[in-house]
Amino acid sequence: MSAERDPPFRTVGIVGLGLIGGSIGLGLRRCWPTVDVLGVDEPEVLSAARRLGAVNGVRERLEELQDADLIVLATPVPQIATLLEAAAGADLRGTISDVGSTKRQIMAAAHGVRGRFVGGHPVAGSAQSGVAFARPDLFDRREWLIVPGDAAQAAVEGVEALARGLGARPRRLDAVTHDRLMAYVSHLPQILATVLMATAGNAVGQEGLAAAGPGFADMTRLASSPADLWRGILASNADFVAEAVAALKAGLPTTPTALEDIGRIEAMFRAASRWADRT
């Protein structure tokens, strides 16, 4: 838990109360109990969020968050871009941020709220989605990537203070660097886990999968991730994800000759071990 004392924002509106949005609300209530947390989502989601204590007030639409000092857009990436267009035409005074897993498309859509939008991406989550799985410690010791864009310094520092208050470690970078980084360390692993599970399951069936060990379970933990969430992420970062997939394919020993090449296999394992020892 962070040592931040005073809340950087007295009223926070969260649009989208899934795993991330709900966890932000719970984290705010843990760190700064006096902060008002207002939720925008479907009625049944809002009811669940109130029961969990993730919000203490609700609004029907983004445009009703005029009293929020900070508005966090915590929906899937395509919806964030649409919400930014709505925010540009609304009478909103607060800083606006998001939690999207890609940044270039979102930063481009934020032109209508110039100076007030701070791109954000808490690098946390799980294969489970929905507010029912939200928890206040989700961001503890996790990086919270910040893409300042043209936002005012005070707005950027406010979002960074909020991230620290939720237990995260904020780090600034630009949108292009962010998206290429995520292609390799987040989006590629998701594709790999999904394809691995589908390939193995189709080849050996349920009985064969029952013989898999813990290593296979570790490798395929992400295979249950929802397609509707990842569809937007992959589409908005398709160029860098394709680059990452091509790089992975180039490193795979795909022929019997390559698999029998002891020197190549040892070099591959040594390189991987060096990087693993640094993380």
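The values are calculated or read from the model by the stated rules, or taken from the named source; none is laboratory data. These numbers come from a predicted model, not from an experiment. Don't worry about glycine lacking a Cβ; one is built from the backbone with ideal geometry, like all the others, and counts go over all protein chains shown.
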The stretch 54-86: number of residues that are in contact with a strand residue (DSSP E or B) (Cβ under 6 Å, 6 or more places away or on another chain) and not in a loop (DSSP other than H, G, I, E, B) | 10
Yes/no for VAL35 being assigned by TED's automatic domain parsing to the domain that holds GLN128, touching an Asp or Glu at 6+ places or on another chain (Cβ under 8 Å) and at pLDDT 95 or above = no
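Run down LEU173, LEU192, LEU229 and say which single residue is free of Cβ contacts under 8 Å to residues at least 40 places away in the same chain and surrounded by 14 or more Cβ atoms within 10 Å (Cβ to Cβ).
LEU173
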Can ARG231 be described as over 30 Å from GLN128 (Cα atoms), part of a helix (DSSP H, G or I) and among the basic types (Lys, Arg)?
-> no
Residues within the stretch 131-151 that are touching a residue at least 40 places away in the same chain (Cβ under 8 Å) and surrounded by fewer than 15 Cβ atoms within 10 Å (Cβ to Cβ), tallied | 1
Of the candidates ALA109, ALA124, ALA74, the one satisfying the condition of being assigned by TED's automatic domain parsing to the domain that holds ARG59 and without any contact (Cβ under 8 Å) to a residue 40 or more places away in the chain is ALA109
Any hit, the stretch 203-225, residues being hydroxyl-bearing (Ser, Thr, Tyr), closer than 18 Å to VAL123 by Cβ and modelled with pLDDT under 95 = yes
Name the helices (runs of 4 or more DSSP H) wholly within the stretch 238-279 that hold at least 1 residues that are under 18 Å from ALA183 (Cα atoms), of a type in the set (Gly, Ala, Ser) and in the same structural domain as THR102 (by TED's automatic domain parsing)?
-> none
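Yes/no per residue for (1) over 15 Å from ILE24 (Cβ atoms); (2) under 13 Å from the mean Cα position of the chain (by Cα):
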{"position": "LEU62", "(1), (2)": "yes, no"}
{"position": "LEU73", "(1), (2)": "no, yes"}
{"position": "GLY100", "(1), (2)": "no, yes"}
{"position": "GLY112", "(1), (2)": "yes, no"}
{"position": "VAL131", "(1), (2)": "no, no"}
{"position": "ARG135", "(1), (2)": "no, no"}
{"position": "ALA151", "(1), (2)": "yes, no"}
